[in-house]
1. Among the strands (runs of 3 or more DSSP E) lying completely within segment 170-284, list those that include at least 3 residues that are surrounded by fewer than 12 Cβ atoms within 10 Å (Cβ to Cβ).
2. Any chance segment 77-96 includes a residue that's open to solvent by less than 40 Å² (accessible area, probe 1.4 Å), farther than 19 Å from ASN42 by Cα and part of a loop (DSSP other than H, G, I, E, B)?
3. Report yes if ASP296 is among the acidic types (Asp, Glu), within 19 Å of the chain's Cα centre (by Cα) and crowded, with 17+ Cβ neighbours inside 10 Å, otherwise no.
4. So is GLU289 open to solvent by 10 Å² or more (accessible area, probe 1.4 Å) and assigned to a helix (DSSP H, G or I) or not?
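The values are calculated or read from the model by the stated rules, or taken from the named source; none is laboratory data. Quantities reported herein were computed from a predicted structural model and do not represent experimental measurements. Positions of Cβ are backbone-derived with ideal geometry, glycine not excepted, and every protein chain shown enters the neighbour counts. Heavy atoms of the whole protein, side chains included, go into the accessibility calculation; ligands, DNA and RNA do not. Shrake-Rupley method; radii C 1.70, N 1.55, O 1.52, S 1.80 Å.
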Amino acid sequence: MKKIIGLSIIVILAVGMYIYNSHNIFENKDPVIISQDYVYLNEIASEDGEDLDGYEKAILFEPEKESTKHLSIDSEELKYVVSKNGTISGKLIVENKSDNEVTTYNRFFQGGVKLNYRLEENNEEVESYKVVTPPNSRSEVEVTLEIDQKAQEEFSYLPLDTSQPADGSALSLLRYYVADKEIDSISGIENQSEAEEVEITEADMQSYDFVTRPSIEESADGNFTIQTSAALLQSDLTIYFLDEEYNILHTIDDYQVPTKQKTDLLLPTEFNQWLNDSEAIYMLYYSYEGKEIVKDFVEAVNGLKPYMTTQQNLIKYSKDDFHE
């Protein structure tokens, strides 16, 4: 079987990082530390063998080293977080090597629930925290959050970057798998695999997406639908619709997108009202959750599928996107 992608999505999924390669706090209070130490930008530039000038921005949540673990198979690696009691500490980090300030609104999310988190410097509990990173600077904020591992063994980090449109062209949602102990064997995961080897031709790669891309479209009669692109492999999507405060408006669970087929799903009639009542509506979607992320990684590395199909993103819509 022909392997297409070297699992580059793992870096985004597990490390939790945006890298923008283009030109383009909160009020800085006690919790925000400002420096000129481009740790992640230097690391990425070094790995790619390129000059740092080609990389301008990295945004990430960095869990503390003691809780960050690695599942290694052959030359591939999946990073994940271990938390025995559901408490996770780490840093919100923005590295901004551009001539413009970068403003992020930082939230955490788990399975349809917004998560409050604590700023370590002043012990303040927040739902969202605004960080402004000056030009040519790095900012970091130490935080602690609590998740419900019995409900879902993962959490999402949503750092809304006001300088980057949340239109699906760049990653706007980062997910982290959380285990209650270190993974010491993959035999049980391998035994659960139901994946079948898939033969993919050059013509297939020209005709289909690697993973399906959902979008919201308006029909001539004023109805709204979720349209998904035709992809090489099947996807099962979970989709949330959020208002501008990230409150849940509507949920679609386990929406199956068959191999090499487009789909069209009618949205509730209330969607038009949501658009009119809000400055923005967000569509948050992902495929796979919890242990399924690890299973997806194992299947891809073992050649049972050509690449990982785990994905996630956050796309912003407003009434101006549809109504003239």
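1. Of the strands (runs of 3 or more DSSP E) lying wholly inside segment 170-284, those with at least 3 residues that are surrounded by fewer than 12 Cβ atoms within 10 Å (Cβ to Cβ) span 248-257.
2. yes
3. On the way: among the acidic types (Asp, Glu): yes; within 19 Å of the chain's Cα centre (by Cα): yes; crowded, with 17+ Cβ neighbours inside 10 Å: yes.
Yes; evaluated as a whole, the condition is true for this residue.
4. Numbers: open to solvent by 10 Å² or more (accessible area, probe 1.4 Å): yes; assigned to a helix (DSSP H, G or I): no.
No, not satisfied.
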